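Asker: Here it is, the structure in full.
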C-alpha cells in the first residue's frame, strides 16, 4: 500500500497538501490507500458555480489530478480506493436535473468514473437516491460506506451532513438549510460571493441556539 508521502511524490505536483495535518491511528484502519473527493458542487458554470468560480484553471487542475489517479489505479489496482464523498452535484442550486451539468463537465465526470469510485451522497445530491427510492434502485450511490480490514469494519465514510443540525437530511431540520440555500442562490445572481460573505454569520447561528 502506498504511503501518503509516496502518493505525493509520484503526483509530480498534481496533488498537494494545503493543511499539513496528520494523525496516527492506534490500529490498522485500511489495507489500501483511500482518496476522498468531497464537495465539488458542480453546477452549470454560471455565477453560482463555486467549482468553476469564473476560472477555467480550476477545471484544468482537477483534470490533471484525475489523470494522476488513473495512472496510479493502473499500477496499484485494488490497493488504491477512490471515494466520491458527497455533493458531487449541487442539486439545491441546479437548473433542474443533472443534464446541463453533464454537458458542462463531460470531461470531468467521464474521467471521475474511470477509477470506479465509491459514491457516497451528500445533502446537496441526496435527491439522486431519493428520486429512485420507490424503485429500490440507487445506481451504486450509498448513504455511507464502511472500509474493512479482514472481516472487521474500521472506518465509516459519510458526507457529514448527519452531524449538521441545519443540513441533516435524515431529520426535519434539514429542510431549513435547504431553503436558506435556495434563497442565497437567488442573491448570487447579484453577488457571486454572497455565500462566502454570509458564511461567518451562518456558522454562528448554531452556536446561539446551542446556548438556549
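Throughout, read-outs are computed from the coordinates displayed, never taken from laboratory work. What you see is a predicted model, and the numbers here were worked out from it, not measured in a lab. Virtual Cβ from ideal backbone geometry, glycine too; neighbours counted across all protein chains shown.
Asker: At a 10 Å Cβ-Cβ cut-off, how would you order 172, 52, 143, fewest neighbours first?
Answerer: Ascending Cβ contact count within 10 Å gives the list 172, 143, 52.
Asker: Right, here's the next one. Taking the Cβ-Cβ separation of residue 58 and residue 2 as r and a Förster radius of 30 Å, what is the calculated FRET efficiency to the nearest 0.05?
Answerer: My answer for the efficiency is 0.70.
Asker: On a 0 to 90° scale, report how tilted helix 56-76 is relative to the longest principal axis of the chain, with both axes built from alpha carbons and the result rounded to the nearest 10.
Answerer: So the helix axis and the longest Cα principal axis differ by about 30 degrees.
Asker: Then there is this: Short version: what are the Cα gyration tensor semi-axes of region 1-56, square root of 5 times each eigenvalue, largest first, in whole Å?
Answerer: Equivalent ellipsoid of region 1-56: 30, 14, 11 Å, largest first.
Asker: First obtain the Kirkwood hydrodynamic radius of region 60-117 from its Cα pairs, then insert it into the Stokes-Einstein equation at 25 °C and 0.890 mPa s, and state the resulting D in µm² per second as a whole number.
Answerer: Once the numbers are plugged in, D ends up at 194 µm²/s.
Asker: Among 8, 112, 42, rank each residue by its count of other Cβ atoms within 10 Å, from fewest to most, as a rough exposure measure.
Answerer: Ordered by Cβ neighbours within 10 Å, fewest first: 8, 112, 42.
Asker: Using alpha carbon centroids, what distance separates region 1-70 and region 107-186, in Å?
Answerer: 18
Asker: Of all the C-alpha pairs in the chain, what % are more than 28 Å from each other?
Answerer: When every Cα pair of the chain is considered, 36 percent fall beyond 28 Å.
Asker: Continuing with this model, one more query. Before anything else, pin down the relative contact order of region 1-152: Cα pairs under 8 Å, at least 6 apart, normalised by residue count, whole percent.
Answerer: The normalised contact order for region 1-152 reaches 25 percent.
Asker: So how do 12, 151, 50, 67 line up by other beta-carbon neighbours within 10 Å, fewest first?
Answerer: 151, 12, 67, 50
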